[in-house]
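The values are calculated or read from the model by the stated rules, or taken from the named source; none is laboratory data. This is a predicted model, so every value here is computed, not measured. Because the Cβ atoms are built from the backbone with ideal geometry, glycine has one as well, and the counts that use them run over all protein chains shown. All accessible areas refer to the heavy atoms of the entire protein, side chains included, with ligands and DNA or RNA removed. Shrake-Rupley method; radii C 1.70, N 1.55, O 1.52, S 1.80 Å.
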Amino acid sequence: MTDDDNLETRLAEQDVFEPPESFVSQANVTDAGIYEEFEENWPECWEAAADLLDWYEGYDEVLDDSNPPFYEWFTGGSLNASHECVDRHLPERADEVAIEWVGEPEDEADRSITYGELHREVNEFAAALRELGVGEDDVVTMHMPMVPAHPIALLACARIGAPHSVVFAGFSASALAERMNAADSEYLITADGYYRRGDALDHLSKSREGVADVEHDVETVVVDRLGPNGDDHGHELRENEHDYDDLLAANEGTTVEPVERDAEDMLFLMYTSGTTGKPKGVKHTTGGYLAWTAWTSQAVLDVKPEDTYFCSADIGWITGHSYIVYGPLALGTTTTMYEGAPDYPEEDRFWEIIDDLDVTQFYTAPTAIRSFMKWGAEYPARHDLSSLRLLGTVGEPINPKPWKWYYKHIGGEECPIVDTWWQTETGGHMITTLPGVKDMKPGSAGPALPGVDAQIVDGDGEEVPAGGAGYLTVQKPWPGMLRTLYKNDERFIEEYWAEYSDTDSDDPADWVYFPEDGAKIDDEGYITVVGRVDDVVNVSGHRLGTMEIESAVVSAEGVAEAAVVGADDDLKGEVVHAYVILEGDAADEDTMRERIEAAVEEQIGPIARPAKVVFTPELPKTRSGKIMRRLLEEISDGEELGNTSTLRNPEVVRDIEAEVRGE
Ligand code: WTA
């Protein structure tokens, strides 16, 4: 029998896993009474999160819920995120490593940045930003690969009270321009390029193209990643562009007093996808967000200062903000960031990093775990992974099979796995097991965290009984929640609250947060989140709006109409399928396919590129003319078609089905 067969027989039947004793005996949270205690003591229970921070001015009130859903947390308190993540650790940990930066292998550029060095560089860059004109509350945009200057730039902004707005480096020039325009952001931090699978890739050209479409003047800071030893694509800095290293040199040794920020002052904005075509500017604040990421890093990821923690996400997504940068650094630990691909130079790259650095916690996405499984257990077997104490997953549902593979081959059956459900909007973890307290059930994220009131409801907002399925809701506010959508309170209410709240009421009990996910609940309160119920697709754990992709497809010359849906995929979770009606005089299908792919890459980025483009003379529509995407999704997934009786053109779905099957 092979190893995998063994796993099959031994673990396949097991659906509950107790936390390993070796873990429990040292865990940060071990008291099962915490659930009841937080419920009885809500919202004051969240003082436990605030207590992890070092406030300049103590807060007056834990929660001000006088104007729902515009909740305020730790009101009257003041703090600075850069002080929390850097300065306050100096007395004890100046010479300990804050950031282990791992570059691509042959480049040999790895950097261990101590808290002392981090303090120095954050201060110098904060001084430089001020000199460039960045003032308190000015939004600074970043479009950066995974270089050390990225977390340094976040902390430098936080230091001077300038909210950052990070646009994932894989997003296109137009996506960057749209977000800079929406946030009135006059500053951009980018890099000349980065290494990927041995190649020095150009990045600056894309950022520049974006800046060209911004409606106001922009000052750009360029990090020199490729340097003299790489191909820097011949970039010479232009007017309004500043070299990062020159700026640091000019401010060598300068210190900048951290600006005292009100708990409710904005720490950052992050644009994310929703139902409509326009990205939503999620606003997070200083006190609540930092308390939330610190508390969950401690309680869920079991982070301790002496750990070497590794989250494989990109800082361009919320997971990187909360669980590479802010949570771990607030706790004074060592956080690891990796520039490259998991399979370069070989498929054991992550295991090599874990082995080399003696990583204690590893946090990744189910899509990555499915790839690890496909590559095979021989890759982790090459390395000593015994330093690992805890594993985590985030971004999409994980099925029991990859869960068990992860548990056995990476965790050696000695590490609990936390399957963490949360969103850009929630700031940090919401539903997951506390690893030192709760049993794990592969496939289910677990119960809501203590103090988090998650409920599964039916279409009328009535709670479904144990064993039931419906829509996930959160019935009480929490400190890490988004405060609004940037400059759009109305859309904030519309998107997240209107569905299940009495929006005329000023009683917080009448306000219910709706994350737009479907979920099931069992008789022990374990929640399995099934996926989005809105027009959002989750490609390799990356959140994309089908409406945004649709508008890119339609912009391609020769496309008359299009519908984009998410189709199930074994590796990526979901992939994009585009159903397209061409204009009469459009080019041939191959040309059109290329044109559509190019339009999507240009307007959003390569991650949104359709895996399949299906040309069809018609799209299924209701009598009122709405495209029935659900039917297209069923076709893409090869499922039995649901009810087609409400269609104006029922025959068309059979034609499309035949077309797809025939391919
Ligand atoms: C999905 C990523 C199931 C969910 C942190 C959510 C998950 C969306 C899980 C948010 C999980 C995230 N199990 N589904 N453990 N974690 N999701 O904003 O659909 O990029 O609404 O935040 O990812 O994606 P976002």
Quiz item: Toward the positive end of the charge dipole of the chain, about the Cα centre and with charges on Cβ (Lys, Arg +1; Asp, Glu -1), which of TRP403, ALA586, THR285 goes farthest?
Solution: ALA586
Self-check item: Translational diffusion of the chain, µm² s⁻¹ [Kirkwood Rh, Cα pairs; Stokes-Einstein; 10 °C; 1.306 mPa s]
Solution: 62 µm²/s
Exercise. Could I get the Rg over Rh figure for the stretch 127-256? Both from C-alpha atoms, Rh via Kirkwood, rounded to two places.
Key: 0.94
Practice problem: Note down the magnitude of the dipole of the chain about its Cα centre, charges +1 on Lys and Arg C-beta and -1 on Asp and Glu C-beta and zero elsewhere, to the nearest 20 debye. | Solution: 940 debye
Quiz item: Hey, if we sort GLU633, GLU40, GLU651 by accessible area with the 1.4 Å probe, largest down, what's the order?
Solution: GLU40, GLU651, GLU633
Quiz item: Under the definition of Cα pairs under 8 Å and six or more residues apart, what whole-number percent is the relative contact order of the chain?
Solution: 13 percent
Quiz item: the stretch 437-486 to the stretch 197-215: how many Å between their Cα centroids?
Solution: 40 Å
Practice problem: Give me the accessible area per residue for the stretch 197-329, probe 1.4 Å, as a whole number in Å². | Solution: 36 Å²
Practice problem: Please arrange ARG208, ARG654 by accessible surface area, largest first, computed with a 1.4 Å probe and ligands excluded. | Solution: ARG654, ARG208
Exercise. Just the Kirkwood number for the stretch 31-163, please: inverse of mean 1/r across all distinct Cα pairs, in Å, one decimal.
Key: 17.5 Å
Quiz prompt | HN-Hα J in Hz across the stretch 304-316 - Karplus 6.51, -1.76, 1.60, θ = phi - 60°, x for Gly and Pro | solution = 10, x, 7, 6, 10, 9, 9, 10, 8, 6, 9, 5, x
Self-check item: Heavy-atom surface of the stretch 527-663, accessible at 1.4 Å and reported per residue (Å²)
Solution: 45 Å²
Quiz item: Separation of the stretch 528-547 and the stretch 294-338 by C-alpha centroid, Å?
Solution: 24 Å
Quiz item: Binning every alpha carbon pair distance of the stretch 535-660 at 5 Å from zero, what are the percents per bin?
Solution: 2, 12, 22, 23, 21, 14, 6, 0
Quiz item: What do you reckon, how do TRP351, TRP42 stack up by accessible area (1.4 Å probe), largest on top?
Solution: TRP42, TRP351
Self-check item: Within the accessible area of the stretch 535-660 (1.4 Å probe), percent carbon and sulfur
Solution: 43 percent
Quiz item: For the stretch 394-423 and the stretch 611-627, what is the separation of their Cα centres, given in Å?
Solution: 38 Å
Quiz item: Where does each of 20-26, 454-460, 71-77 land if you order them by average Cβ count within 10 Å, highest first?
Solution: 71-77, 454-460, 20-26
Quiz item: Considering only protein heavy atoms, what is the solvent-accessible area of THR276 at a probe of 1.4 Å, reported in Å² to the nearest 10?
Solution: 70 Å²
Self-check item: Size descriptor, Kirkwood hydrodynamic radius, that averages inverse alpha-carbon separations across the stretch 469-529, Å
Solution: 12.8 Å
Practice problem: Any chance you could look up the accessible area of ASP588 with a 1.4 Å probe, heavy atoms only, rounded to 10 Å²? | Solution: 90 Å²
Practice problem: Quote the relative contact order of the stretch 469-529 in percent (integer), defining contacts as alpha-carbon pairs under 8 Å separated by 6+ residues. | Solution: 44 percent
Quiz item: What percentage of the solvent-accessible surface of the stretch 361-501, computed with a 1.4 Å probe over protein heavy atoms, is contributed by carbon and sulfur atoms?
Solution: 42 percent
